Amino acid sequence: MSDLFENNTAATVTQEYSAQSIEVLEGLEPVRHRPGMYIGGTDETALHHLVAEILDNSMDEAVAGFANKIDVTLNADYSITITDNGRGIPVDPHPKYPNMSALEVILTMLHSGGKFGGGAYKVSGGLHGVGLSVVNALSEKLVVEIARDKKLYRQEYSKGKPLTALELIGNAPNRRGTSITFKPDPEIFGVTSNLQPNRIYRMARSKAFLFKGIHINWKCAPEILTDGDATPPQMELHFPNGLRDFLNYQIGARTTINRTMFSGEADLANDEGKVEWAITWPEDENGFCNSYCNTVITPQGGTHEMGFKAALLRGLKEYGDMANVKKAAAITAEDFLSDACIMLSVFIRDPQFQGQTKDKLTSNKAVRLVEQAVKDSFDHWLTSDTENANALLEYVIDRADARKKKKEEKVQNRKTPTKKLRLPGKLADCSQAAAEGTEIFIVEGDSAGGSAKQGRDRFTQAILPLRGKILNVASASLDKIMQNQEIKDMCEALGCGTKDNYKEENLRYEKIIIMTDADVDGAHIASLLMTFFYQQMPKLIENGHLFIATPPLYKIVVGNQNYYALDDDDKDRILKKVVKGNQKPDISRFKGLGEMSAQQLKETTMDKKNRMLLKVLIPSTNTEEGKEEAFETRRQVERLMGKNPETRFKFIIERAKFVDDLDI
């Protein structure tokens, strides 16, 4: 191998390295030479970042109180025009460069602008003084119009260089602000890359959500909207409730754990700015966290998110301690916030970002400022509606228990080899392998199970007997639920998993039928089973798999005919209809399913031709009324089946006057 340090004359001749090799890029040449250093690349994201830079400048005028209207227009040639009614970029000569207007300095020199000293803007999204100049450098054509001091000025640029001098167009007594039209340079971004209407519309809409006082008028040339594109050709975007409107729009008709979202705004200490937020916890646990600083989206989060989450976690733990809920001390941010829907916006002085694209806020002061500002509001929100707060706390503790159990299961799975499907021994399974058309009857007691096994259709009907009343899952810990043998048997028989692990495709039966005695004890067992399915397998109910059988309470013999009555009203109806003259009916009351013969149980309760099933439904969440009804359903289950016996007692007392005959 030759020595790397050998004197190589040929290399010296052909690769001479001297002062002449040092290239100096002046003005905006570095931007065109290495665009990735300024906008993160030349892909679609970088292309649309140009729009964000100009829109952010207009938003800074609005946040500073100098503008309340922005027009965003995507033109037919895929150029874009952004106009605001702010103060307008200054056009007088720059003190340091007297031969150039301030406008030309801003457009042609990096790190120039009005956001460094703090005099022109208290808070702003454009902070590095490169936004407008970078857009100019990477545009095939850029036209700027300035309405200032009742005069209208205009100047054209191409690839960062002025094509015309600054021109005074004329008087503009009823106009003020800045209008910039630019078309990205295909030499940089490629001839097939164009600005996308939907992407820019969503960007404009998010800015309108972030600042309550702004009206953004969106327009798009109809000829560039493709078939199937839902982007409106024009729309006025104004949202007086800010992030609350934004979050409501994002979650739509989804059901939430909490009755009301936690939203608000607060000033930061020492006149550093303000923070606005909105958060809710969806039942489907499909969450997100969208955060912004000075209206600039921060997709990688940062210190403002850290402060917000710290305030909420500390507040919930303190509430749990105050409510004497010991498990609250063990909850983590992952349990509480990883699947929440969060909108967070801060406006702060001199924020520090990671890179020019501002993907992450790194200002250390934001952690403390945001945490202090949000904490008191969250404490008040929790204590002002304790039922709402308790539901949220219970949900988070359940998630913490599930996290611990999942961790334990991972350890156990590493210790034990994979095993085949195990079914409970007392399950009398059907012979059909496919789930379609099959049923499993969950029955009360072994004696009833025996009759059901004899009376079933062995090809499509399975029987699972339970021993007495199952555990009340609404008032039990996750550990107790998973250790309960009856629940374990049901879970193994159904095969579909629970909660987050529920898989519809693994459900072994098409119908799950609860079949209990037609008395108070039977109704209690049925209610415990429904509570189990509602809390542990809600998708099973939503997908229409859960039913309740309706066995008869009475057998009526009139002559040679047998009749079966579901309840007292049904018995009276039958007697009135079939008893003639002096006939004396023989009426017997079943004490339970175990008293019925297999044939009777089959004819009255199990035969698909004769039986009547009650389908268990839960409210749809496709409408606001449905969402409210679903929330109230969940609260009612928690009130009547939860740990607090006083609420059950109150419910019974309030309705006792409607009870004429209580079967005890």
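Okay, here's what the table says:
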{"item": "Long-range HN-HN contacts of Phe353 with modeled amide H, under 5 Å", "result": "Thr362"}
{"item": "Distance histogram in 5 Å bins (all Cα pairs of segment 564-605, percent per bin)", "result": "5, 19, 25, 22, 19, 8, 2"}
{"item": "Over segment 289-409: Kirkwood hydrodynamic radius from C-alpha pairwise inverse distances, Å", "result": "15.4"}
{"item": "Average Cα contact separation per residue, the chain, under 8 Å, 6 or more apart, as relative contact order %", "result": "9"}
{"item": "The chain - mean residue ellipticity at 222 nm from DSSP helices (-39,500 (n - 2.57) per run, n ≥ 4, rounded to 500)", "result": "-11000 deg cm²/dmol"}
{"item": "Tally of Lys pairs whose C-alpha atoms are under 23 Å apart, taken over segment 212-360, 8 or more apart or cross-chain", "result": "12"}
{"item": "Where N is the number of residues in segment 452-535, Cα Rg divided by 2.2 N^0.38 Å", "result": "1.13"}
{"item": "C-alpha long axis of helix 645-655 to longest principal axis of the chain, angle in °", "result": "70"}
{"item": "Cα convex hull volume per residue for segment 121-237 (Å³)", "result": "155"}
{"item": "Cα-based Rg and Dmax for the chain, where Dmax is the largest Cα-Cα distance (Å)", "result": "35.3, 131"}
{"item": "Out-of-range pairs (alpha-carbon distance over 20 Å; input Lys503/Lys609; Lys453/Lys608; Lys571/Lys608)", "result": "Lys503/Lys609; Lys571/Lys608"}
{"item": "Cα pair count fraction exceeding 19 Å, expressed as % - segment 203-321", "result": "59"}
{"item": "Relative contact order (%) - criterion: Cα under 8 Å, at least six apart; region: segment 145-255", "result": "18"}
{"item": "Ordering of 248-258, 219-229 by burial proxy (mean other Cβ atoms within 10 Å per residue, highest first)", "result": "248-258, 219-229"}
{"item": "Over segment 55-102, equivalent-ellipsoid semi-axes from the Cα gyration tensor in Å", "result": "25, 17, 7"}
{"item": "Residues of type aspartates and glutamates that Lys426 reaches as a straight line, Cα spacing below 15 Å, ignoring anything fewer than 8 places off in the same chain", "result": "Glu444, Asp446, Glu486, Asp489, Glu492"}
{"item": "Reachable lysines from Lys161, criterion Cα separation under 17 angstrom, eight or more residues apart if same chain", "result": "Lys141, Lys183"}
{"item": "Rounded tilt (10° steps) of 446-455 against the dominant C-alpha axis of the chain", "result": "90"}
{"item": "Under 17 Å from Lys406, Cα to Cα: aspartates and glutamates that are on another chain or at least 8 residues apart", "result": "Glu285, Glu334, Asp335, Asp339, Asp398, Asp479, Asp500"}
{"item": "Relative contact order [Cα under 8 Å, 6+ residues apart], segment 496-548, whole percent", "result": "44"}
{"item": "Cα-based helix-to-principal-axis angle, 386-415 vs the chain, degrees rounded to 10", "result": "90"}
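Read the figures in this text as sums done on the coordinates, not as results from a lab. Here the structure is a predicted model, which means the values were calculated and not measured. Heads up, the Cβs are rebuilt from the backbone with ideal geometry, glycines too, and the neighbour counts pull from every protein chain shown.
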